[in-house]
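Enquirer: If you scroll down you'll find the structure; I have some questions about it.
Bear in mind these aren't lab numbers, they're just calculated from the coordinates by the rules spelled out. This structure is a prediction, so every number in the text was calculated from the model and none was measured. Counting neighbours? That spans all protein chains shown, and the Cβs are built from the backbone with ideal geometry, glycine included.
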């Protein structure tokens, strides 16, 4: 019998709330990702969820700014600066690095796994509170391009661990597109064109061309842009085709060279079949300046990008005059988990969180059951002792819900010292 | 050279922000605690950090209510109910259990480890954002007293794993105090007396007696209360002394009986020397109805309680008409971690987060270094590859900061295939 509700007890719309078995699965994924990041030498940090508005609004801009949750100060914190909830990990990281610069070792390999907040319109699969799993490498004054490959390879390995179907990383370099526009004398329209290309996959080709023409671009150039953005595939092929476009721009060439070095290392790292050069990849955020990447599941492209990032020239320019170039990327775990369930991609076995549920046959066996539990816990096992005064059948029903094995302890078992584990999945009984 | 700040980049006052090595230590403690909870059969859940104000204010009351951070809705969430940040795990748990009751197995052993928020006055060692590590067992309609012992033993084991100096759990049962007041006909003053006893340790004895007298209590009774609250020690001794007080109250006797059962089990669970009955333990929160406990470090009593909790008759009475009795407790990890550092109680070795930093002698060795890194990562090792174009000395300096071992890879090493690990702590070199 379920109780009558006195208040609305559902979580606020847009907030993920999971049942224990789902939560265990979610946490398993989070742990897998974290362990991959740590194995790749990333150091964990945590920043507060509440930041000064000044810090957040300095960097937000556009849509994001409207989605920031402001926090009302209490009587006792009234003297504080105005505050709001962080909307990503990058802004707090910039503040953190500016604040603790003299205590950090550079290049700073850093990971942040935690919740962020955006007050967006409610929509299926969009979350207002969501886990992001970020990695970044932040250099002081400079940061070699090799780190771009390390970041991509680390994120790829983390996704691979989730047993996702064929993962494809699409990589480009913003210098190529910038240089291309420079070369065809369209760089005065680069903001507009970047945005059109960024949306090109979501609309029919004609719409993209129409938008380009609306900028007053001649048909020849529209065709050239179309040709450019459709370049995708193995790096060497894309490079050859890019070179045939006849663009004269140092930036363009520099972009190709950088992309080539990143691909060279990615191949060395075993990602050859899983990574393509793709000129449609732009990443809307204007702080990216070099490598940019998005990740899709090849057979589920409709899901969109599940992991993306790129290279930025100066992480914390709004907070400090120290030049801190970096490269980073992020897995949006809350959304990914939701989509994996939606599309049936959850290939991990659902494990019961408890290994053994020990069931005293009657009150008399409670002390010995607690002692047995201590013994198994000492062996790193997850053990529940069912202490309710219900009937044996009810206790077993409870045990089967939370645990893999059940162990009934009655007079007989205590006397003989022979305990048996019942496998709730197979029904088999085995000696404990 | 440190950069010049353009904005105030310190975290908001009252928010813990750690450097990477401190964070690694903090996370190690968090992991230890979590693993103990899981081994004791507690299931993990997470609730949103933002809740309806209605839910939070229904249960907060008093000081806490003034410390709740309200959240301003954004344009796109304007239609939502009024919202605020959670201030503990108990209120969201009550909502969670009321909401998901039909999907849960009872008794519901549940753990929540996460951040909560209280907008308190800034004060050293007081945090506005802080980790709480909670466990609770929630029953439906009833919950045997044995679970009280399980909860205490689980929390004790978690604290023990942190290698803290002598831990002492002080346990009482609110029914004893309630029954005592009933027996001496002072139950009409129970709220006031509970509060006086709750503060008795923070003031001189005379102040406590003065406060009692101010309630209009006669000298004989003041003496009796004084005698009562000073009862502490081994359970059997305290029980004998309680019985000699000559109180006639069923509740009083019931409290003693419950406390006796809890102690009986705690002794079975090996806590005999670490747990005392102590009539000064009341716990201010009025939802406790039976077992109450606090935990101190015997040689650092000035730190106050580091873990506390108790039994409540009805967790979610404000949200549902289903009766959900429970017992739970919480470790305030952020505060504990701060205090451990203050008092030099941090006995864990500070481990570098990275095991091996691989250092290419020159650019040429980068690819082989990345391959070596992959190999060691495949063996679950935490590996950094130092990809900067700095001098070897600078690379080694960086490596020594983040990693336990360094491995320089030059032409010679590649040729011979003989790699050496330099132990940065001892200076020794060993074959990899």
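Enquirer: Assume the label is 7 Å from Cα along Cα to beta carbon: what separations in nm does residue B:66 have to the matching positions in the other copies?
Expert: Taking the point 7 Å beyond Cα along Cα→Cβ, the inter-copy spacings are 3.9 nm.
Enquirer: A follow-up question, please. With a 10 Å Cβ neighbour count serving as the proxy for reagent exposure, in which order, fewest first, do A:7, A:259 appear?
Expert: Least crowded to most crowded, the residues run A:7, A:259.
Enquirer: Taking only DSSP H segments of four or more residues, each worth -39500 (n - 2.57), what value at 222 nm results for the protein assembly as shown once the sum is divided by all its residues, to the nearest 500 deg cm²/dmol?
Expert: The helix-only estimate for the protein assembly as shown comes to -12000 deg cm²/dmol at 222 nm.
Enquirer: Here's something else I'd like to know. At residue A:257, with labels set 7 Å past Cα in the Cβ direction, how many nm apart are the copies from this one, shortest first?
Expert: Between copies, matching label points for residue A:257 lie 8.7 nm apart.
Enquirer: Okay, next question. Have a look at the DSSP beta bridges in the protein assembly as shown and tell me what percent are antiparallel, nearest 5.
Expert: Rounded to the nearest five, the antiparallel share is 75 percent.
Enquirer: Right, something else. Using the number of other C-beta atoms within 10 angstrom as an exposure proxy, rank A:174, B:261 with the fewest first.
Expert: B:261, A:174
Enquirer: Quote the relative contact order of region B:20-342 in percent (integer), defining contacts as alpha-carbon pairs under 8 Å separated by 6+ residues.
Expert: Averaging sequence separation for qualifying contacts and normalising by length gives 23 percent for region B:20-342.
Enquirer: Can you compute the modelled spin-label distance between residue A:240 and residue A:430, with each label point 7 Å from Cα toward Cβ, in nm?
Expert: Modelled inter-label distance: 5.6 nm.
Enquirer: Where a ≥ b ≥ c are the square roots of the eigenvalues of the C-alpha gyration tensor, would you call region A:354-431 rounded, which needs a/c under 1.5, or, failing that, prolate if a/b is larger than b/c, or oblate?
Expert: Taking the square roots of the gyration eigenvalues as a ≥ b ≥ c, region A:354-431 is rounded.
Enquirer: Within 10 Å of each residue's Cβ, count the other Cβ atoms and sort A:369, B:307 from fewest upward.
Expert: B:307, A:369
Enquirer: Oh, and also: Could you tell me how far the Cα centroid of region B:81-100 sits from the Cα centroid of region B:252-270, in Å?
Expert: 32
Enquirer: Something else: Give the angle, between 0 and 90 degrees and rounded to the nearest 10, that separates the Cα long axis of helix A:90-100 from the longest principal axis of the Cα atoms of chain A.
Expert: The angle comes out at about 90 degrees.
Enquirer: Take peptide A:14-24, look around each residue's Cβ out to 10 angstrom, count Cβ atoms belonging to other protein chains, and average those counts.
Expert: Going residue by residue through A:14-24 and averaging, the value is 5.
Enquirer: In addition: Per-residue mean of other chain beta-carbon atoms within 10 angstrom of the beta-carbon, peptide B:377-389?
Expert: Other-chain Cβ atoms within 10 Å of each residue's Cβ, averaged: 5.
Enquirer: Next up: Taking chain B as a Gaussian network, where each spring joins two C-alpha atoms under 10 Å apart, which residue of B:237, B:371, B:146 fluctuates the most?
Expert: Residue with maximal mean-square fluctuation among B:237, B:371, B:146: B:371.
Enquirer: Next up: How big is the antiparallel share of DSSP beta bridges in chain B, given as a percent to the nearest 5?
Expert: 75
Enquirer: Using Cα atoms only, what is the angle between the long axis of helix B:174-183 and the major principal axis of chain B, expressed in degrees (0 to 90) to the nearest 10?
Expert: Orientation of helix B:174-183: about 20 degrees from the principal axis.
Enquirer: Given the options B:290, B:332, B:393, which has the most mean-square fluctuation in a GNM of chain B, springs set between C-alpha atoms less than 10 angstrom apart?
Expert: B:393
Enquirer: Right, another one. May I ask for the distance between the Cα centers of region A:1-38 and region A:214-251, given as a whole number of Å?
Expert: 46
Enquirer: Just tell me how shielded B:405-418 is by partners: mean number of partner chain Cβ atoms within 10 Å of each residue's Cβ, no decimals.
Expert: Taking the mean over all residues of the peptide, I get 0.
Enquirer: Using a label point 7 Å beyond Cα on the Cα-Cβ vector, give me the inter-copy distances for residue A:427 in nanometres, one decimal, shortest first.
Expert: Label point to label point, same position, other copies: 7.0 nm.
Enquirer: For region B:234-353, what does the alpha-carbon gyration tensor say about shape, rounded, prolate or oblate, given a ≥ b ≥ c as the root eigenvalues, a/c under 1.5 as rounded, and a/b over b/c as prolate?
Expert: oblate
Enquirer: If you take the square roots of the eigenvalues of the alpha-carbon gyration tensor of region B:1-118 and sort them as a ≥ b ≥ c, do you get rounded (a/c under 1.5), prolate (a/b over b/c) or oblate?
Expert: Since a/c reaches 1.5 but b/c is at least a/b, the shape of region B:1-118 is classed as oblate.
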